[in-house]
Structures are given as C-alpha cells and as structure tokens.
C-alpha cells in the first residue's frame, strides 16, 4: 500500500507542529482562508501519494533547479514525499532500460490516476529528431505517457509556451505541450523558471481538492497568475508619481524609482513575483534593480529587446499642479457627459421609432 504524505513525513522525523505549519503556509500561499488548513491537513494525512512521471524535453532544467532549491524545508520534501516521483531522468538513480520500464509500470498500475509533469517541450521538425530519448523522438514518449494520465502540468515557459526554443525562426519547431497533447487537463505554470512555492502550491492544491485549480485563458492557475506584477510592485508608487529611472545607475536608479522606462514588463506580466518573491521571499529581479522580462507571458522572447527605452508616458505625476489636474479632469468629465448625452439621444430616437412602428402594426 502506498504511504500517505503525512506518514512519510513522520517517518522522516517531521513533527506534527511542523506539518500543521506547512498546511497553514500552504493555505496562505494558495490564497485560501484559515478554514482550508484542516482540509489540507486531512487530505495529506489520508490520501496516498500520487504517482508522478516527470519528463524532460527541450529545456535547461531551471524548473527542477528552482523546485529543489526551495527555501522552505518541507517544500523540498514535496518532490520526494508528497509526490511519488516514480520517474525523473534528471533526479533518479536508474538509467537505460530499467528507467524506461518504470513508465510502463506506472501507466499499467495507476491508469488514469497518475500525473505527468513536463519540463521543456517537444520539437516536431524532422519527425522529432532534435530530441531523442531512449532511442526514439521525445514527442512519441510524451504522447504515450500522457495518454492515460489524470492531468498534465507544464512546468515553466518552455513547456507552457515554447520559450527560447520556439523563438523565431524556431528551426526545430519546438511546440508547447498543449499544442501536442489534447483531451487531457493541462495546467500551465510558466516562468523561466517558475517560483518554487508556486510549483509546490499547484501540486498541493491538486492533491488536496482532487481537481485542477481555476485557470485563466492561458491555462495558468489564477491563484498565482491572476494579477499583474505591476499591481503589487513596491515601486508602483513611483510609477504613479511619474518618477522613473532614465539610465542605469543614474540618481533615480539609486533612489529606487520605477524601471518601466528601462523596459520593465511588469505592467503587462501576470505572475506572483512581486508578492511571493524569490529565494524564500528574500528578493526578486525588480528589487535587485533589474526590470521584469515578462518571462511568464507567451512569446516574450519575440517581443523585442528586454531593454527598450519607453518614452512619452502620460500620467499626472506629483509635479503636476492642481490646475493641470483639474483641467484634465474637467475635459474628461465634459467628454463623458457629451458621450452620455449622445447615447441618451440615440436611445430615445430608437425608442421613438420602435413605438411608431408598433403603433403602425397594431393600427386597424
């Protein structure tokens, strides 16, 4: 019988107090209320570990690097304890035929009840010959492994969108997972790499509630990708005040002003970087003085330079005087009133015509 997550933790010397703290932190990271903590604890105490097959296509392994270097001690146990990580050719000791046989065993024993985590993507050009595993194209291995899976998690921007491998001109035809696998629930967890706690949170949610989290139109979990980085950036106040860095290492940069003019993609990027941050919540790129690259958005490699200098930003800023702001507001208000009046007149004309037509139809 497969052990539960809690049984494994107890066997490893994790105390009950630490376990409950983990459940509480997990509920918080998922944006759930305190009432969800007992449900998470019960699920992890009673449900058996879920078999996971972790595949690697075209990628740099940064997603795995991010996951296993999580600062939270119990998060590190997730990959080996909460998940029954039966196959991962980067971490496992087995190799060759012995390793490949594990996939077939899991598929047969846990048909319809195992997860497939995919890091990287399959190249489709030249019949997939740009990525060979076990003597055959990775795309074949991917399709066969996902055929009987319960759900597929696409780790990182490579699996979610194609990332740098799919950037123009994409000679290998590197292709996102959801363009190759159909008919199965797919959760995209983009980022180059994704935040470790985001990866853990997605897995914990699926194991606790036995369903995939609510997704946005790009199949990303809304709990982590529901807000723009810009919305919770600690430099947002400088943006609203019109205070921008104009050149690297200028006085504005030293004062921590907004990096938008230096190419920061925070206003158009959805991720949890500005709220969860990295390295155990210690820092994140913008905090260290570098603008957001937008790595959790589709096609970010093909959107021009990461450092395009943006000019002509229009906002009030703290230097605008009351007359300027008042005039702008008055103009905006006048335009709104005029538009409202026009719509009202049109509505009345339309209503009058409808009344006339109705009267004509009902006249004897």
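Each residue in the stretch 27-44 was checked for being touching a helix residue (DSSP H, G or I) at 6+ places or on another chain (Cβ under 7 Å) and assigned to a helix (DSSP H, G or I), and 9 pass. Going by the conditions given, is residue 224 in contact with a helix residue (DSSP H, G or I) (Cβ under 6 Å, 6 or more places away or on another chain) and farther than 15 Å from residue 276 by Cα? Taking the combined requirement at face value, the residue does not satisfy it. Residue check: is residue 236 under 29 Å from residue 290 (Cβ atoms), assigned by TED's automatic domain parsing to the domain that holds residue 257 and in contact with a helix residue (DSSP H, G or I) (Cβ under 8 Å, 6 or more places away or on another chain)? Judged against the criteria, residue 236 is a match. Yes or no: residue 296 in a helix (DSSP H, G or I) and not assigned by TED's automatic domain parsing to the domain that holds residue 159? Against the criterion (in a helix (DSSP H, G or I) and not assigned by TED's automatic domain parsing to the domain that holds residue 159), residue 296 does not qualify. For the stretch 140-153, the set of residues classified as buried (at least 23 other Cβ atoms within 10 Å of the Cβ) and within 15 Å of residue 58 (Cα to Cα) consists of 142 only. Tallying residues that are part of a helix (DSSP H, G or I) and surrounded by fewer than 21 Cβ atoms within 10 Å (Cβ to Cβ) within the stretch 117-138 yields 3.
Of the residues in the stretch 154-165, not one is surrounded by fewer than 22 Cβ atoms within 10 Å (Cβ to Cβ) and more than 19 Å from residue 294 (Cβ to Cβ).
With respect to (1) surrounded by fewer than 22 Cβ atoms within 10 Å (Cβ to Cβ); (2) in contact (Cβ under 8 Å) with a residue 12 or more places away in the chain, the lone exception for residue 237 is condition (2).
Residues are listed down the side, and each one gets a yes or a no for (1) touching a residue at least 24 places away in the same chain (Cβ under 8 Å); (2) part of a helix (DSSP H, G or I); (3) in the same structural domain as residue 47 (by TED's automatic domain parsing); (4) crowded, with 17+ Cβ neighbours inside 10 Å:
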{"residue": "192", "(1), (2), (3), (4)": "yes, no, yes, yes"}
{"residue": "201", "(1), (2), (3), (4)": "yes, yes, yes, yes"}
{"residue": "208", "(1), (2), (3), (4)": "yes, yes, yes, yes"}
{"residue": "212", "(1), (2), (3), (4)": "yes, no, yes, yes"}
{"residue": "217", "(1), (2), (3), (4)": "no, no, yes, no"}
{"residue": "242", "(1), (2), (3), (4)": "yes, no, no, no"}
{"residue": "247", "(1), (2), (3), (4)": "no, no, no, no"}
{"residue": "264", "(1), (2), (3), (4)": "yes, no, no, yes"}
{"residue": "280", "(1), (2), (3), (4)": "yes, no, no, no"}
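Scan the stretch 46-62 residue by residue and report those that are within 23 Å of residue 110 (Cβ to Cβ) and in contact with a helix residue (DSSP H, G or I) (Cβ under 7 Å, 6 or more places away or on another chain).
47, 49, 50, 51, 53, 55, 57
Report whether or not residue 188 is on the phi > 0 side of the Ramachandran plot and either assigned to a loop (DSSP other than H, G, I, E, B) or touching a helix residue (DSSP H, G or I) at 6+ places or on another chain (Cβ under 9 Å) (or both). Answer is no for this residue.
The values are calculated or read from the model by the stated rules, or taken from the named source; none is laboratory data. Worth saying up front: this structure is predicted, and the values here are computed from it rather than measured. Virtual Cβ from ideal backbone geometry, glycine too; neighbours counted across all protein chains shown.
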